[in-house]
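Asks: I have a structure I would like to understand better, so I am pasting it below and will then ask my questions one at a time.
The values are calculated or read from the model by the stated rules, or taken from the named source; none is laboratory data. Because the structure is predicted, anything quoted here is derived from the model rather than measured. Neighbour counts are summed over all protein chains in view; Cβ atoms, including those assigned to glycine, are modelled from backbone coordinates with ideal geometry. Accessible surface areas use protein heavy atoms only, side chains included; no ligands, DNA or RNA. Shrake-Rupley method; radii C 1.70, N 1.55, O 1.52, S 1.80 Å.
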Amino acid sequence: MSLLPSATEIVYALGLGEDLAGVTFECDEPPEARARKTIVVGGRDTSGMTPAEIDRYVRDQLASGGDLYTLHARALADLAPDLILTQDLCRVCALPSGHVGEALDYLGCHADVLSLDPHSLDEVLDSILAVGRRAGVPGRAASVAAALRGRLDRVAAQVAGRPRPRVAVAEWVDPPFTAGHWVPDLVTAAGGEPVAARPGSPSVETSWAEIAAAAPDLVLVAPCGYHLAGAAEQAPAAAANLPGVPVWAIDADGIVVRPGPRLVDGVEAIASILHPGAVPPAPPGAVQQVSGPATQPPSR
């Protein structure tokens, strides 16, 4: 059973899709996960809310001790999983493992619970190995992780020796939030220098003035919970507050904010923005320029 979208992606990458019994309402990759599996975690549909409204809702829920996600305990008991994949990294992103443990104790269920809490890109790849070990396919996991590292090595070779543009990533726009955890690593791996960032730490609220003070050569808008279309709708807020700085939108949920195998797609897509010509163009639906001239390597 997977209680977070990134874990669902890992399960399928390991060829264990047929063994997956339950998922969350946000597990949309691959699409068959949400279509064919039992939904064991629900939550509020925020699709009609603005970023500011979502921010207020999340703050109010957390301040009042409320939950952002609902575990369907009866469904969990009926499925009787052997292994549950969950997390403790972010209460905003998924159900914490403590809620799972309490439900298991209440229901009298016995399951192995693995909490995936990576803080860096390397730790994301290590989490694939951890799932493989606990699911009984360590060799398969090692092959998947090695292939992903091979792609990262290829990008590193393509951008080696080139000037590294200064890149700020906005994980939210109203209010603006810095990039945290593994996201700055994506920029570094893509041949950029992350600024206004918190590598290995949670993202925090900031201001457009603070982002501007970091002197980025380029801004990536990667709002958590949104694919490219949603990011492109929000990116003009960054462009309006950072005149003269090129702004790009990126498929955040697909290739930036979920700690799963597709983060390597994110590295490749970011590299294609920072180093056009040296790196193949990103596939359709990955990135979109919103303002400013095409990216040119900085002279410094």
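Asks: Residue 82 accessible area, nearest 10 Å², 1.4 Å probe?
Replies: About 130 Å², rounded to the nearest 10.
Asks: From the backbone phi of region 136-141, what are the Karplus-calculated ³J(HN,Hα) couplings (6.51 cos²θ - 1.76 cosθ + 1.60, θ = phi - 60°) in whole Hz, Gly and Pro given as x?
Replies: x, 10, x, x, 5, 5
Asks: Could you list the residues of region 240-283 with an amide nitrogen less than 12 Å from a label point located 7 Å from the Cα of residue 289 in the Cα-to-C-beta direction?
Replies: From region 240-283, the list is 246-249, 273-277.
Asks: When N is the residue count of region 144-219, what does its C-alpha Rg come to as a fraction of 2.2 N^0.38 Å?
Replies: The reported ratio for this selection is 1.19.
Asks: Further question on the same structure: Show me, for region 116-132, the HN-Hα J-couplings you get by feeding each phi into the Karplus relation (A = 6.51, B = -1.76, C = 1.60, θ = phi - 60°), rounded to Hz, glycine and proline as x.
Replies: 9, 9, x, 10, 9, 5, 4, 5, 4, 5, 5, 5, 5, 5, 5, 5, x
Asks: Using 7 Å Cα-to-Cβ label points, what is the residue 122/residue 53 separation (nm, one decimal)?
Replies: 4.3
Asks: Sort 25-37, 209-221 by the packing proxy (mean of other Cβ within 10 Å over each peptide's residues), most packed first.
Replies: Result, highest mean first: 209-221, 25-37.
Asks: Fully extended, how many nm does the chain gain between residue 74 and residue 209 (0.36 nm per residue separation, minus their Cα-Cα distance)?
Replies: Numbers: separation 135, 0.36 × 135 = 48.60 nm, distance 4.86 nm.
Computed gain between residue 74 and residue 209 is 43.7 nm.
Asks: What accessible area, in Å² to the nearest ten, does a 1.4 Å probe give for residue 140?
Replies: 110
Asks: Would you pull out the residues with amide H under 5 Å of residue 137's amide H, same chain only if 5 or more places away, H placed 1.01 Å from N?
Replies: none
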